[in-house]
Amino acid sequence: MGMYYSITADKTTNCEDDFPESLSHFFEQVGGCGDKSEVMQVSRILEIDLSVFQLYDYGTTNVKKEKRYWQCLDRFASIVEAFIKKISENPDYYKKVLHNNDYDSQMNKIMYAKDEDSLLKVVEELYSDPSTSFPPDRGYLSQNEIMDDLIALKGLLDCYKESRATKIKLTYV
């Protein structure tokens with residue numbers, strides 16, 4: 001079982017509280033690729049601050065600490081709507097995102113290194129290749145799957161609003 005985002009409203013609702021799984025994977029990249037992650041590159045390319053997605057709880061049971069993770073639903077929803085609008089207005093934005101196009105081959109070299117010396121050689125080779133800092137291209141952006149997920153998330157946020165929720169909390173578990 002992997003880690004993923006979940007979303008919760010501050011009121012009990014009949015809404016399906018499912019944060020889109022692929023969108024969760026998209027936002028998880030920040031830790032692994034830093035400034036070179038797809039999300040950080042997209043944020044720069046589209047000139048939109050997506051930091052609201054990086055404010056999440058790890059499932060703390062400390063009520064005092066948990067309070068800081070609650071976000072204004074209207075503000076969060078406006079970021080999602082702005083993100084959808086930016087993608088719609090810039091449909092080729094994804095072409096500017098840099099990827100490691102040799103990721104699978106590089107991972108195979110590591111996995112199939114015969115001994116420590118050959119593994120060290122592969123690691124040195126990869127370390128000197130600047131493309132290894134970038135995430136692999138899994139087609140999430142170019143196939144516009146992100147838009148489907150953002151629209152689904154917007155629908156969930158609208159459902160929360162209809163249920164009179166005013167805050168949401170992201171949790172990463």
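The values are calculated or read from the model by the stated rules, or taken from the named source; none is laboratory data. As the structure is a computational prediction, the values presented were derived from the model and not from experiment. Glycine also receives a Cβ, built like all others from the backbone with ideal geometry; neighbour counts cover every protein chain displayed. All accessible areas refer to the heavy atoms of the entire protein, side chains included, with ligands and DNA or RNA removed. Shrake-Rupley method; radii C 1.70, N 1.55, O 1.52, S 1.80 Å.
At 1.4 Å probe size, with the rest of the protein present, what percent of the exposed accessible area of segment 8-62 is carbon and sulfur atoms? Write down the numbers at each step before the final one.
Working: 1270 of 2940 Å².
Accessible surface attributable to carbon and sulfur in segment 8-62 totals 43 percent.
Determine ³J(HN,Hα), in whole Hz, for all residues of segment 82-96 in sequence, where each value follows from phi through the Karplus function 6.51 cos²θ - 1.76 cosθ + 1.60 and θ = phi - 60°; x replaces Gly and Pro.
3J(HN,Hα) across segment 82-96, in whole Hz: 5, 4, 4, 5, 4, 5, 4, 7, 10, x, 9, 3, 5, 5, 8.
Collect residues whose amide H, placed 1.01 Å from N in the peptide plane, falls under 5 Å from the amide H of F19; neighbours closer than 5 in sequence don't count.
Answer set, sorted by chain and number: I7.
Do any of K11/K65; K86/K154; K95/K169 go past 21 Å between their Cα atoms, and which? Don't skip to the answer; put the middle values down first.
Values: K11/K65 19 Å; K86/K154 14 Å; K95/K169 32 Å.
From K11/K65; K86/K154; K95/K169, over 21 Å: K95/K169.
For D137, what residues show an amide H to amide H distance below 5 Å, using hydrogens built from the backbone and excluding near sequence neighbours?
N100
Say R0 is 45 Å: what FRET efficiency, to the nearest 0.05, do N14 and K114 get from their beta-carbon distance?
Numbers: r = 57 Å, r/R0 = 1.27.
So the FRET efficiency works out to roughly 0.20.
Please work out the FRET efficiency for the pair Y93 and E21, using the Cβ-Cβ distance as r and a Förster radius of 30 Å; give the result to the nearest 0.05.
Working: r = 22 Å, r/R0 = 0.74.
So the FRET efficiency works out to roughly 0.85.
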